Structures are given as C-alpha cells and as structure tokens.
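Okay, so here's the structure we're looking at.
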Amino acid sequence: MTVVDARAPASPPTPEECEHPAPVRGVMAHEFATYQGAMGPEGKRRTVTHYGPVLGGLPIEAWHCELCGLLRLTFPDGRVEERRLFPGPQPGLLAVPSAYDPDAVGYGMQARVSGLSAPAELMAALLPPPAPAGPNVIERVAAALPPLGAVTWATVILLAATCIGLLLAGYLAVYDYQTSSVEGPLVIAVGCCFAAAVGVQILSVVQRHYFPMPPLRPSVAVTMRERPRLDPATRIMVALMGLVATGLLLAGILAVYTYSTPAAEHPLVIGIIVCFGAAMVVKIVDATTRHFLR
Ligand SMILES: [Zn+2]
C-alpha cells in the first residue's frame, strides 16, 4: 500500500496550474546566472545567461515564484518578459533594493542595486526624504559660573590674584640668582590683594550684622514674564514719547556739533513739543473717557 502525501506532490506544478502562493520580489541585473549556487535542470550552472539587450545598467524589477519557477521581469522601459526557471528556491537570484551595498558599507553610500546604478525614482523610494531645513538657530553658549554672591566672587578673584602674585614673586626672586627690582612693588601688591580679600570678608560680616537682608521676593518681571498688554492709547503715547526722546537726542547733537546752532534746530524743537503735547492729550483724553464711561 502506498501512502500519497497530498501536501507534497511528486512533481512541481507548471506555471499555468500554479497559484504562485509566495512569490519573491526584488531587482535583478541582466546577467543572473553568475550568482552563488545558481541551479538549472542540468545541475549547477556554469555559463552566464544573458537576458536581452543591455539597458544602460538599470535594475530590472523581478518577480519569481519558487514553486513553479516562473520569473517575470519588468524592464525600466516598460517591457515585460516571462521566463521559466527550474522549479525550487533560487537563493541570491533577486536582490533586495538598497541605497547602499550592504556587503561593502565601508566603501561609502554608493547608489548600487545589484551592482547597478539605480534610477532617480528608485533612489527616491529607497532613501528617506531630506529633512526640511529648519531656521538657523544660533545657540547661546551659557557660561556656567557657580551662583556665588558678589562678596564671595570678589574674595575669589583677590585670592587668585594673590596666588598668581606669589608664584610670580617666587620666580622673580630666584630666576637670575639676584632679586629683581620689581620684587618689592610686586610683594606689596600681593599683600594689598590679600588684605583686600580679608577686608571684603570683614566688611561683609559687619554689613550683615548691622543691615540684615531678608531674601528678596522674585520681581514682577520674573513672576509675570510675558509680553506687555497695552491699550491703544498707551501704545500711541509710548510711540510719541519714543519720538520725543529721539528728537531730544538729535536736537542736543545739532545744537553743539558745529559750535553754532543750525536752522534745523527750531522746527525740530517745535516737532518735539508737538509730539509731547499729543502724547499728553492722548493719555488725558483716554483717562477722562475711562473715568466717565466706567
Ligand atoms: Zn508559481
């Protein structure tokens, strides 16, 4: 009695009766019989099968059913071909499209598909789109100084100056086997620095004793940090007062820069007065309106 396993037929189906359950998709070069382990009906293939004319090194879109051996090729120019290969898996026949050669990553990001150059459309599909260029942000380099008080900083700087001065004084005292003439003033300066450091600390203690300072609340500018919300009248007044300040500066420069007052001084001063008066009027009218409308 012979047991026939229905799931494993003795001979593979022909492409006509096959349902192509799991086709392999990828890209292919023109010569495809040189790949590792190419199997034909006669065994391992040794000859190169050349498919069609050379199309300028473009990759061929390939579809292969390993069950029946049907190979469908879509050429870059739109032509479609079908070939029948020996049924069974053909490892290495089709290549997975890649923007770089996975076997030779060290050579760089060459555009290679099966050793061929890829067209622009394929590269666009393979490579992620370039990130949109954001605004040029200049990062502020923040110097991370420890949060010490002014007194401590003064002491640190004075003691550092003392250290440098002492080192310098030591070198000057010995470097040519006789004491240099600048040694005296240098030592006096070093002593002054050290005395100042001590004095700063003593004065700080005295000040803290007689004028104890409670910790300050954060300022309004810190707690309510946002854009100022101004009504139109205030905005107009700020703009006018800005004009007044600019005009005053200009008038001051004009009044003295040639040691004689130019003719432009008079209309400028009139303009400044008009701006100032307008600012006052705007604010007074605004305040009066708010007073009576409330
Ligand atoms: Zn098939």
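The values are calculated or read from the model by the stated rules, or taken from the named source; none is laboratory data. No experiment lies behind these values; they were computed from the predicted model shown. FYI the Cβ positions are ideal-geometry reconstructions off the backbone, even for glycines, and counts take in every protein chain you see. For accessibility, only protein heavy atoms count, side chains too; no ligands or nucleic acids. Shrake-Rupley method; radii C 1.70, N 1.55, O 1.52, S 1.80 Å.
Contact map, segment 142-166: residues that are within 15 Å of VAL190 (Cα to Cα) paired with residues that are open to solvent by 70 Å² or more (accessible area, probe 1.4 Å) and of a type in the set (Val, Ile, Thr), Cβ distance under 9 Å, separation 6+ or inter-chain. Pairs shown: GLY165/VAL187; LEU166/VAL187.
Let's see how each residue does on (1) assigned to a helix (DSSP H, G or I); (2) in contact with a Phe, Trp or Tyr (Cβ under 9 Å, 6 or more places away or on another chain); (3) assigned by TED's automatic domain parsing to the domain that holds VAL285; (4) open to solvent by 100 Å² or more (accessible area, probe 1.4 Å):
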| residue | (1), (2), (3), (4) |
| --- | --- |
| ASP176 | no, no, no, no |
| SER180 | no, no, no, no |
| GLY184 | yes, no, no, no |
| ARG225 | no, no, no, yes |
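Being small (Gly, Ala, Ser) and in contact with an Asp or Glu (Cβ under 9 Å, 6 or more places away or on another chain) narrows it down to one of ALA154, ALA173, so name that one. Going through ALA154, ALA173 in turn, just one is small (Gly, Ala, Ser) and in contact with an Asp or Glu (Cβ under 9 Å, 6 or more places away or on another chain): ALA173.
If you go through segment 14-37 and keep only what is of a type in the set (Val, Ile, Thr) and either at pLDDT 90 or above or surrounded by fewer than 16 Cβ atoms within 10 Å (Cβ to Cβ) (or both), you end up with THR14, THR34.
Considering every residue within segment 156-170, establish whether at least one is open to solvent by 40 Å² or more (accessible area, probe 1.4 Å), at pLDDT below 90 and over 30 Å from MET213 (Cα atoms). Taking every residue of segment 156-170 in turn, none turns out to be open to solvent by 40 Å² or more (accessible area, probe 1.4 Å), at pLDDT below 90 and over 30 Å from MET213 (Cα atoms).
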